[in-house]
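Take a look at the structure below.
Nothing in this text is a laboratory measurement; each read-out follows from the coordinates by a stated rule. Because the structure is a prediction, the values reported are computed rather than measured. Virtual Cβ from ideal backbone geometry, glycine too; neighbours counted across all protein chains shown.
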Amino acid sequence: MLELHDIRTFYGNIEALKGVSLSVDEGECVTLIGSNGAGKSTTLRSISGLTPPRFGQILFHGRDIARVPPQEIVRLGISQSPEGRRCFQRMSVQENLDMGAYLRRDKEIDADRAHVYELFPRLQERRTQKAGTMSGGEQQMLAIGRAMMARPKLLLLDEPSMGIAPILVERIYETIAEINRQGTTILLVEQNANYALGVSHRGYVLETGRVVLTDASSSLRENPEVQRAYLGT
Amino acid sequence: MSTPAASAPVRRGRMPNLELPQKAQLPVAIAFVVLLIILPFFFAPGGSVMNNLVLAAAYAVMALGLNIIVGFAGLLDLGYVAFYAIGAYAMGYGGSLFLSELTGDKGFAVFVSGPAAELPGVHMNFLLILVLAIVLTTVAGMVIGLPTLRLRGDYIAIVTLAFGEIIGRIAINGDEIRLGNFQLTAGRQGITPVDKVQLPGLERFTSLDLRAWYWLALALAVLVLLVNFRLRDSRLGRAWIALREDEVAAASMGVPLVKTKLLAYGTGAAFGGMSGAFLASYTNTVNADQFQFSFSIFILAMVILGGLASIWGVVLGAIVLSVINNYLIPDVLNSVPQRLGLDFDLTEVTAGIFGFMLVIMMVLRPEGLLPERRRKLELEEGIGSDDAVYEARMA
């Protein structure tokens, strides 16, 4: 469904991705783990067009989207919950969700909003509340829900556990697994490898802009290198 | 996220909430407009009150235009005077003797009757000139928008400031920019006289009876007001607000940044151009000395005083500052310093007075006279985009 071929992405002159290749199949949940600055978020930003790669190919359903603007990528069916959540602070929960459906004009937006509320009942309770008044965990739910409102085929999640109370992280990860079971393909970036490898099928380990290891998530969890570097055991 | 609420200074006495309940808004708005329409019958048709009403309405059009750029889309534009200038020159080119060297003695008249039609130069109907002004300023707005697309915050302000200055300089020195018989502007000498507005069925645009001018300015203001409301509640308006709140998030929602920003600049500029063309005809001159940086600040102050992004607030800000600038300071209070034994006119320190007013506003009511819902929230409850904090941390 999604294939990255040797993409190299730069911030100015700094090469953040030094040739990353990976693939995600329909229905999968794939995770990228790695430490700070490994290029996890940059990989997602390259896919979503926010910082397009300078070299390399990104194929989505066989079409190269490496140089396609972000709004077209959303239209093609890839949507992102960005790093740091980035909810529209002064908009209500519902307005945030409706922004997620910005490019859609069909009649099923209401149904999809109801579905998001089903996934995250907490959001329904707070639907008229301003996003900025909610806790980090609730804003993360909102960011994921907002990305779901684009009705993506592929959902990109950037560090959904960042800065969130452990009890909420657990709940969010249950919902991520549920979203995947319901048929949305997910590419997940996470420093918290424990949770990420728990819900995903396969994983890639990134180090300083390169993929250094890839395997089934269950094997990565058993891998002594990974355990030492990312699982804190 | 930081917690500004905890560190913010304690507010001394909350200001009263002036927001009307939703249901009352439409009737109140209609009553307000009706009152404005019949207002001229209470004053001398050629007096200073009428003059102030005309100017206030024309400035409201400009402030509403700038509000789209600064208030809705959050792009701080310090060069709005450029669009006033371009609109005014559209009127100068299309309705005066200025281009007579190009047209010869016969002149070139389009849908214009009366003496103007017989004169040399180009004389187009005011509605055509309005269209011309809108086209020119929309293009200019997008041109200024292009180099700012990759910039944020303060840098946008600097580029737009420079653009305003460039247009002002070109206006002043344009009398030396020639192409054959064509001279770009009349420089400091100014283009004067400028044709009076002529509209079908209305023959009363004279300097002795200002009522027709007023109604035209009011019609423009109401039109722009309606467009503002429609835009705010449209998809585009939503996209502008999302852009203002968080550009990266807006982009990941599929908001096309380039198009959305350029539309904000273009629309805002067009309103400035409309008002500029009107004012050129009303004041009977297009003088390059009018197009100074302080004018951009004057209009921006209306937007901030009234309440960024608040449509009614901006209208109120325009009326208040227009009256202070054109009536209170020159006519009422001007001699106050002399009576106190000081040797200057109050008009000499107008900019200082506006600056002082803005400072007072920032202390007492930073959200503006009639605040927008979202901005009020930010200031009263400490909710805001933590963009800057976040990016500083990530950098």
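Please work out the Cα convex hull volume for the protein assembly as shown and give it in Å³ per residue.
Values: hull volume 124.0 nm³, N = 628.
That works out to 197 Å³ per residue.
I'd like the Kirkwood hydrodynamic radius of the stretch B:133-276, using the inverse of the mean 1/r over distinct C-alpha pairs, in Å. Present the calculation step by step, with values, prior to reporting the outcome.
Values: mean 1/r = 0.0552 Å⁻¹.
The answer is 18.1 Å.
How much mean residue ellipticity at 222 nm does chain B get from its helices, if each DSSP H run of length 4 or more adds -39500 (n - 2.57) and you divide by all residues, to the nearest 500 deg cm²/dmol? Don't skip to the answer; put the middle values down first.
Working: 17 runs with 230 residues, N = 395.
Here the helix-only value at 222 nm equals -18500 deg cm²/dmol.
Could you name the lysines in cross-link range of B:K196, using Cα to Cα under 23 Å and dropping any fewer than eight places away on the same chain?
B:K106
Quick one: what do you get for chain A if you divide its Cα Rg by 2.2 N^0.38 Å?
Values: Rg = 16.9 Å, N = 233, 2.2 N^0.38 = 17.5 Å.
The value comes to 0.97.
What is the fewest-to-most order of A:T214, A:T9, A:T128 by other Cβ atoms lying within 10 Å of their Cβ?
Details: A:T214 17, A:T9 24, A:T128 9.
Ordered by Cβ neighbours within 10 Å, fewest first: A:T128, A:T214, A:T9.
So what are the ³J(HN,Hα) numbers for the stretch B:246-257, from phi and the Karplus equation (6.51, -1.76, 1.60; θ = phi - 60°), rounded to whole Hz, Gly and Pro as x?
Listing the rounded values in order: 6, 5, 5, 4, 4, 5, 6, 7, x, 6, x, 5 Hz.
Can you compute 3J(HN,Hα) from phi for each residue in the stretch A:44-53, using the Karplus curve 6.51 cos²θ - 1.76 cosθ + 1.60 with θ = phi - 60°, rounded to whole Hz and x for Gly and Pro?
Those phi angles translate into 5, 5, 5, 5, 7, x, 5, 10, x, x Hz.
Extension gain B:V332-B:A117, at 0.36 nm per residue separation less the Cα-Cα distance, in nm?
73.3 nm
Using only the Cα atoms of the stretch B:231-358, what semi-axes does the equivalent ellipsoid have when each is the square root of 5 times a gyration tensor eigenvalue? Give whole Å, largest first. Walk me through the numbers on the way to the answer.
Numbers: eigenvalues 268, 62, 30 Å².
For the stretch B:231-358, the ellipsoid semi-axes come out as 37, 18, 12 Å.
Which value in nm describes the separation of the simple spin-label points at B:V28 and B:L340, placed 7 Å from the Cα toward the beta carbon?
That separation, rounded to one decimal, is 3.6 nm.
Any idea how far apart B:A219 and B:T206 come out in nm if each label point goes 7 Å out from Cα toward Cβ?
Modelled inter-label distance: 2.0 nm.
What does the charge dipole of the protein assembly as shown about its Cα centre add up to, to the nearest 20 debye, if the Cβ of each Lys and Arg holds +1 and the Cβ of each Asp and Glu holds -1? Each step should come with its number before you reach the end.
Numbers: 55 positive and 57 negative charges, 130 e Å.
With only Lys, Arg, Asp and Glu charged at Cβ, the dipole is about 620 debye.
Of B:F293, B:T267, B:F356, whose Cα points farthest to the positive end of the dipole of the stretch B:224-358 (charges on the beta-carbon: +1 Lys, Arg; -1 Asp, Glu; origin at the Cα centre)?
B:T267
Net charge within 11 Å of A:V189 by Cβ-Cβ distance, Lys/Arg positive one each and Asp/Glu negative one each, not counting A:V189 itself? Mind showing how you got there, number by number?
Working: positive: A:K40, A:R45; negative: A:E83, A:D158, A:E159, A:E190.
Around A:V189, the surrounding residues sum to -2.
Taking 0.36 nm per intervening residue step and subtracting the Cα-Cα distance, what contour gain separates B:N181 from B:S294 on full extension? Write out the running numbers ahead of the final one.
Details: separation 113, 0.36 × 113 = 40.68 nm, distance 3.28 nm.
Here the answer is 37.4 nm.
Net charge within 15 Å of A:P160 by Cβ-Cβ distance, Lys/Arg positive one each and Asp/Glu negative one each, not counting A:P160 itself? If you can, show how the numbers build up before the last one.
On the way: positive: A:K40, A:R85, A:R86, A:R122, A:R146, A:R171; negative: A:E83, A:E138, A:D158, A:E159, A:E170, A:E174, A:E178, A:E190.
Here the charged neighbours net out to -2.
In straight Cα distance, which lysines are under 24 Å from A:K18, not counting same-chain residues fewer than 8 positions off?
Cα-Cα hits under 24 Å: A:K40.
What lysines sit close enough to B:K259 to cross-link, taking a C-alpha to C-alpha distance under 26 Å and skipping anything fewer than 8 places away on the same chain?
Hits, sequence-local ones excluded: A:K107, A:K153.
To the nearest 20 debye, what charge dipole does the stretch A:1-115 have about its Cα centre, counting +1 at the Cβ of each Lys and Arg and -1 at the Cβ of each Asp and Glu? Can you show the working numbers first?
Details: 15 positive and 15 negative charges, 99 e Å.
Dipole of the stretch A:1-115, to the nearest 20 debye: 480 debye.
Taking amide H positions as placed 1.01 Å from N in the peptide plane, with prolines and chain starts having none, which residues 5 or more places from B:A109, or on another chain, fall under 5 Å of its amide H?
B:H123
Once you have a ≥ b ≥ c as the square roots of the Cα gyration tensor eigenvalues for the stretch A:143-233, tell me rounded if a/c is under 1.5, and otherwise prolate or oblate according to whether a/b is larger than b/c.
Working: a/c = 1.87, a/b = 1.52, b/c = 1.23.
Taking the square roots of the gyration eigenvalues as a ≥ b ≥ c, the stretch A:143-233 is prolate.
So what J values fall out for the stretch B:319-324 if you push phi through Karplus, 6.51 cos²θ - 1.76 cosθ + 1.60 with θ = phi - 60°, rounded to Hz, Gly and Pro as x?
Listing the rounded values in order: 5, 4, 5, 5, 5, 5 Hz.
Where nothing but the Cβ of Lys and Arg (+1) and of Asp and Glu (-1) is charged, how large is the charge dipole of the stretch B:194-316 around its Cα centre, in debye to the nearest 20? Each step should come with its number before you reach the end.
Details: 10 positive and 8 negative charges, 64 e Å.
Roughly 300 debye for the stretch B:194-316.
Based on the Kirkwood radius over alpha-carbon pairs, what value in µm²/s does the Stokes-Einstein equation return for the translational diffusion coefficient of the stretch B:52-292 at 4 °C and 1.567 mPa s? Write down the numbers at each step before the final one.
Values: Rh = 18.4 Å.
The Stokes-Einstein estimate is 70 µm²/s.
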